[in-house]
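Scroll down for the structure; my scribbles are underneath it.
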Amino acid sequence: MLDDYAVVVGMGQLGRVFAQAFLAAGTAVIPALRRTPLDALAAAAPEPRLVLVATAEDDLPPALNALPPAWRGRVGLLQNELVPAVWEAAGITDPTVAVVWFEKKPGMEVRVILPSPVWGPAAAWVADALGRIGIPAVVLEDYGRLVYELVLKNVYIWTTNIAGLAVGGTAGELWERHRPLAEAVLGEALAVQEALTGQHFDPARLQEAVVAALAADPAHRLMGRSARARLARALAHARRLGVAVPTLERIAADTASAG
Ligand SMILES: NC(=O)c1ccc[n+]([C@@H]2O[C@H](COP(=O)([O-])OP(=O)(O)OC[C@H]3O[C@@H](n4cnc5c(N)ncnc54)[C@H](OP(=O)(O)O)[C@@H]3O)[C@@H](O)[C@H]2O)c1
């Protein structure tokens with residue numbers, strides 16, 4: 001009888017990396033694909049160590065809403081653009097959350113940018129498992145710190161992707177050659193994150209941390225495949241929450257007319 005197992009919902013780039021880590025820690029992994037009947041699976045596997053929902057951000061709300069009751073207290077999350085309101089809207093309390101600071105793209109090895117903070121009931125186990133496949137992770141003890149770490153990652157990802165739409169190039173070049181634009185995008189990204197979390201963050205401390213992340217991986221190409229979708233989501237949040245984002249609006253207008 002199997003008694004140490006985890007479920008991974010979504011076997012994409014990160015789902016596979018985390019599955020490999022869990023296996024390396026000696027835990028069996030049950031994959032849940034889109035076509036997997038979750039209620040039947042939860043009946044057969046009712047007590048996973050973790051149900052890691054590894055979908056992309058747009059697929060997350062429906063994936064969380066579809067989770068069987070037995071699994072809802074065991075959820076793990078790892079998405080970019082994640083804030084507590086996302087899991088709270090789905091009625092999930094006390095998830096395990098990994099703020100992922102490594103990159104895994106199709107056909108490429110994992111590239112570590114910084115140690116990944118992990119928070120929640122399964123944090124120590126997840127951090128240990130990642131360490132077993134050479135990915136550094138640190139356990140966060142404090143919920144306030146988790147929200148700061150999520151906001152930092154979200155501001156970094158919006159700044160690099162959205163400024164990247166305007167100027168292209170690499171993380172190292174962004175701060176060196178386009179600093180006024182980068183600071184403007186960063187400030188607006190932070191304002192939207194503050195509205196989303198209902199919290200204020202020290203802008204100088206946050207900017208310093210983003211600059212450190214840019215410096216940790218200067219060759220990182222700024223504009224990923226998700227950049228336009230990230231800009232569209234940031235603008236939608238800003239309009240809904242009444243946050244002024246003139247730089248983001250201008251980049252959207254300029255890059256739309258540029259095709
Ligand atoms: N990859 C990275 O380097 C990286 C780094 C940091 C953070 N992140 C974040 O991590 C998240 C996942 O990224 P990723 O690169 O792993 O994405 P991905 O390769 O697109 O994988 C997402 C997977 O989720 C599956 N999926 C979606 N809805 C599902 C559902 N309801 N049930 C089961 N499976 C479902 C997708 O299946 P289909 O193929 O059928 O669509 C796909 O296999 C994103 O939020 C991303 O921003 C990624």
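The values are calculated or read from the model by the stated rules, or taken from the named source; none is laboratory data. Given the structure is predicted, the values throughout are model-derived calculations rather than measurements. Because the Cβ atoms are built from the backbone with ideal geometry, glycine has one as well, and the counts that use them run over all protein chains shown. What goes into the accessible areas is simple: the full protein's heavy atoms, side chains included, and nothing from ligands, DNA or RNA. Shrake-Rupley method; radii C 1.70, N 1.55, O 1.52, S 1.80 Å.
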Using just the alpha carbons, could you tell me how many Å³ per residue the convex hull of the chain encloses?
128 Å³
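Per the 1.4 Å probe, what fraction of the accessible area of the range 152-200, in percent, lies on carbon and sulfur atoms?
Values: 800 of 1660 Å².
With neighbouring chains kept in place, the figure for the range 152-200 is 48 percent.
Report, to one decimal in Å, the Kirkwood hydrodynamic radius for the range 126-167 based on all distinct Cα pairs. Mind dumping the intermediate values first?
Details: mean 1/r = 0.0816 Å⁻¹.
Hydrodynamic radius (Kirkwood, Cα pairs) of the range 126-167 is 12.3 Å.
Counting Lys and Arg as +1 and Asp and Glu as -1, what is the net charge of the other residues whose Cβ lies under 11 Å from the Cβ of ALA166? Could you put the intermediate results ahead of the total?
Details: positive: ARG250; negative: ASP254.
Here the charged neighbours net out to 0.
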If only Cα atoms are counted, what is the Rg of the range 34-181, and what is its Dmax, in Å?
17.0, 56
Using the heavy atoms of the protein chains and a 1.4 angstrom probe, tell me the accessible area per residue for the range 177-259 in square angstrom.
53 Å²
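Note down the relative contact order for the chain as a percent, whole number, built from C-alpha pairs under 8 angstrom at least six residues apart. Walk me through the numbers before you get to the answer.
Numbers: 406 pairs, mean separation 38.4, N = 259.
Reported as a whole number, the value is 15 percent.
Relative contact order for the range 151-257: what percent, with Cα pairs under 8 Å and sequence separation of 6 or more? Display every interim value, and only then the final one.
Details: 123 pairs, mean separation 46.5, N = 107.
Over the range 151-257, the number comes to 43 percent.
Just in the range 195-259: which trypsin sites (Lys or Arg not before Pro) are loop by DSSP and have at most 12 other Cβ atoms within 10 Å? Don't skip to the answer; put the middle values down first.
Working: sites: ARG205, ARG221, ARG225, ARG228, ARG230, ARG233, ARG239, ARG240, ARG250; in loops: ARG225.
Sites meeting the loop and neighbour criteria: ARG225.
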So how far, in whole Å, is the C-alpha centre of the range 188-259 from the one of the range 90-162?
19 Å
I need the peptides 160-166, 65-71 ranked by packing, meaning the mean over residues of other C-beta atoms within 10 angstrom, with the highest value on top.
160-166, 65-71
Return the distance in nm (one decimal) between the two label points of a simple spin-label model at LEU23 and ALA236, each offset 7 Å from Cα along Cα→Cβ.
3.5 nm
Could you pull out every residue, at least 5 positions away or on a different chain, whose amide H is within less than 5 Å of the one on VAL75? Hs are placed 1.01 Å off N in the peptide plane, and Pro or chain starts have none.
VAL51, THR96
In the range 1-61, which trypsin sites (Lys or Arg not before Pro) are in a loop and have at most 16 other Cβ atoms within 10 Å, using DSSP for the loop call?
ARG34, ARG35
Take the Cα of ALA256, step 7 Å along the line toward its Cβ, and report every residue of the range 229-248 whose backbone nitrogen sits under 11 Å from that point.
232
Over the range 5-141, calculate the relative contact order: mean separation of alpha carbon pairs under 8 Å at least 6 apart, over the residue count, as a percent.
22 percent
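Average the reciprocal distances over every distinct pair of alpha-carbons in the range 151-257, invert the result, and give the Kirkwood radius in Å. Spell out each step's value before the answer.
Values: mean 1/r = 0.0739 Å⁻¹.
So the Kirkwood estimate lands at 13.5 Å.
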Between GLU249 and ARG228, what length comes free when the chain is fully extended (0.36 nm per residue of separation minus the Cα-Cα distance, one decimal in nm)?
6.3 nm
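What does the extension gain come out to for GLU208 and ARG35, with contour length at 0.36 nm per residue minus their alpha carbon separation? Mind dumping the intermediate values first?
Working: separation 173, 0.36 × 173 = 62.28 nm, distance 4.36 nm.
Extra length from GLU208 to ARG35 when fully extended: 57.9 nm.
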